[in-house]
């Protein structure tokens, strides 16, 4: 982190809940954090954590949403095969050349 970014940093909020862990039935803690990331913009992350068995479940909520858009990436050289593709949970990815498809999460909070 750059010094100016550290000045704006706020530690995640942590709250003990009355929710019981689905694994060990201990109380679960809720950890909330808001930040800004490239491509997606401002997001809130909520993580449920059991301190006894370390069960963890995270949800991401989008504070800012843009209209959906279609992006096309064409592989034109062997170097393109190493490209990293970021796919948000609310996006689908299709690769017709190999008949592959990754469907968006149907019940994701971002939808």
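The values are calculated or read from the model by the stated rules, or taken from the named source; none is laboratory data. Since the structure is predicted, the reported quantities are computational estimates derived from the model, not experimental observations. A quick note on method: Cβ atoms are made from the backbone with ideal geometry, for glycine too, and the neighbour counts reach across all protein chains shown.
Checking residue 39 against (1) on the phi > 0 side of the Ramachandran plot; (2) at pLDDT 90 or above, only one condition comes out false. Which one?
Evaluating residue 39 over (1) on the phi > 0 side of the Ramachandran plot; (2) at pLDDT 90 or above leaves (2) as the failure.
Please find, within the stretch 21-56, the residue that is nearest to residue 71 (Cα to Cα) out of those that are assigned to a loop (DSSP other than H, G, I, E, B) and within 16 Å of the chain's Cα centre (by Cα).
39
Within the stretch 66-82, identify whether any single residue is surrounded by fewer than 11 Cβ atoms within 10 Å (Cβ to Cβ) and more than 24 Å from residue 102 (Cβ to Cβ), and answer yes or no.
no
Would you check which residues across the stretch 57-97 are outside any loop (DSSP other than H, G, I, E, B) and more than 30 Å from residue 20 (Cβ to Cβ) and list them?
Correct list: 78, 79, 80, 81, 82, 93, 94, 95, 96, 97.
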